[in-house]
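Everything below concerns the one structure shown next.
The values are calculated or read from the model by the stated rules, or taken from the named source; none is laboratory data. Given the structure is predicted, the values throughout are model-derived calculations rather than measurements. Cβ placement follows ideal geometry from the backbone for every residue including glycine, while neighbour counts extend to all protein chains displayed. Note: accessible area is taken over every heavy atom of the protein model, side chains too, but ligands, DNA and RNA are not part of it. Shrake-Rupley method; radii C 1.70, N 1.55, O 1.52, S 1.80 Å.
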Amino acid sequence: MEHRENNVPEEQNEQLLHCRNCDGYYDPALPNCPHCGEDTANNVADDRRSGSVTQYEGGFGEAGSTLSRVAAGMVLALLVIGVVGCLVGGVKLVSGRGQSGDTSAVGELTPEQVPEKAQTPEQSQTQPAQIPPQALRLDYSDLTLVNEGESYQFQVTVEPEDWEGELTWTTENQNVAVITPEGKVRSVGRGECGIVLSAGEVSYRCLVRCKSGAQADEGSSASVQSYYINGKLMSVDEAKKVLEEERKKAEAAAKKKAEAEAKKKAEAEAKKKAEAEAKKKAEEEAKRKAEEEAQKAAEEKAKRKAEEKARRKAEREARKKAEEEAAQKEAEQEAEAEKERQEAEKKAEEEEKKKKSNANSISLQYYDITLVYVGDSYKFEPSGGDGKSYTWSSANDGVATVSSDGRVKATGVGQTTLTCTSGDASVDVIVRVKSN
């Protein structure tokens, strides 16, 4: 296939993906390179170059075009169909006819030449009538071969997948390009000609452009035959070889199956005899086992009765203990609640007392404050006194410290007294710190 260097705008080139196999560029949205079929996942890591882009003539058109994307998708779908056909189609022998015109057939398998495919007893049943071919496809409809002697192997798709029949290849000008039974086209002269694949009433044509070589004269057409076996194109000799191998495999499988059936029959008879002896022995064993089980059942019943009695006793004791613990816990909670209520009343009385005693002096938000954790702080906002300045002090800095602006901070667990002074008036504040 011919490739050429075309200058493209740098911004367009940045949207293309470089193929490491054929050195071409194409749209990264495609699953495969449309020029050579390389998996896009293998090309992701390649750098995209600017300045020039390698493109291919023929095939699916310019890289990145809408036609390129559609054609690549069709090729991928057809390849998947072909692979599935290879797996489930089995060996398919085809025989048939060539197209009209002057022919130079490579070879033709007649019913006498082709060995009948060996069949197992299951396969020998009457087969349903085969559906005629509905469509043929090649992976290219327009192909360019640059150099004389250059060749390309066509990929074929047949619908339906299980079709059996002859495939005929025809070159419209054998002075330009020739085709082998395996579907490989080769350039022999400069010019253009069609390569036609036929099967039954359907055909597919690919235009082949040959760039190099002597100028071709107008030549006659030539046809060759191919055989579609296991989803692959094969020549006459290859088809014979494959079918002979299949026949030998079928004979070996039949022999193996007969041996297996004889062995199975002998084993069945031995098994039947052994089963009769085992049955008699099993009846005796069953009688003995039944007696043992009856005795064991009586013992189990007595044991379950004793366990049930012990369980009920344990449940009664556990319920009684739980009730006692619940009653004790409830009493403790009531006592704790009463203690907290008394402490709250006492604290309220003390605060009220301090408020009354300092009514004409310094007023604070609280006169008894609790800081829960070491590190907690609170800022007092005093009023009264001379109304100008306030001085603070702490009786125990190990419990709480106080700044000049009235912010107290817990430094340790315990209780201390803060004193606020303004003029001739002063007030004390009790500070408690609960926990580290």
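Numbers at a glance
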| read-out | value |
| --- | --- |
| Unmet criterion (only one of (1) more than 27 Å from residue 160 (Cβ to Cβ); (2) free of Cβ contacts under 8 Å to residues at least 40 places away in the same chain; (3) open to solvent by less than 30 Å² (accessible area, probe 1.4 Å)) for residue 194 | (1) |
| Failed condition for residue 373, given (1) in contact with a helix residue (DSSP H, G or I) (Cβ under 6 Å, 6 or more places away or on another chain); (2) open to solvent by 30 Å² or more (accessible area, probe 1.4 Å) | (1) |
| Lone unmet requirement of (1) surrounded by 13 or more Cβ atoms within 10 Å (Cβ to Cβ); (2) part of a helix (DSSP H, G or I); (3) modelled with pLDDT of 90 or more for residue 351 | (3) |
| Complete set of residues in segment 24-50 that are at pLDDT 70 or above, of a type in the set (Asp, Glu) and in a loop (DSSP other than H, G, I, E, B) | 27, 38 |
| Checklist (1) within 42 Å of the chain's Cα centre (by Cα); (2) open to solvent by 90 Å² or more (accessible area, probe 1.4 Å); (3) within 24 Å of residue 140 (Cβ to Cβ) applied to residue 231, failing item | (2) |
| Some residue of segment 236-247 being touching a Gly at 6+ places or on another chain (Cβ under 8 Å) and at pLDDT below 90 | yes |
| Residue that is surrounded by the fewest Cβ atoms within 10 Å (Cβ to Cβ), among those in segment 197-215 that are closer than 27 Å to residue 240 by Cα and more than 42 Å from the chain's Cα centre (by Cα) | 201 |
| Qualifying positions in segment 293-337 - within 30 Å of residue 370 (Cα to Cα) and open to solvent by 70 Å² or more (accessible area, probe 1.4 Å) | 329, 330, 332, 333, 334, 336 |
| Any hit, segment 183-201, residues being among the acidic types (Asp, Glu) and either outside any loop (DSSP other than H, G, I, E, B) or modelled with pLDDT of 95 or more (or both) | yes |
| Qualifying positions in segment 420-436 - among the hydroxyl-bearing types (Ser, Thr, Tyr) and either at pLDDT 95 or above or under 60 Å from the mean Cα position of the chain (by Cα) (or both) | 435 |
| Top-ranked residue of segment 119-169 - restricted to ones that are of a type in the set (A, V, I, L, M, F, W, C), part of a loop (DSSP other than H, G, I, E, B) and touching a Pro at 6+ places or on another chain (Cβ under 9 Å), ranked as modelled with the lowest pLDDT | 131 |
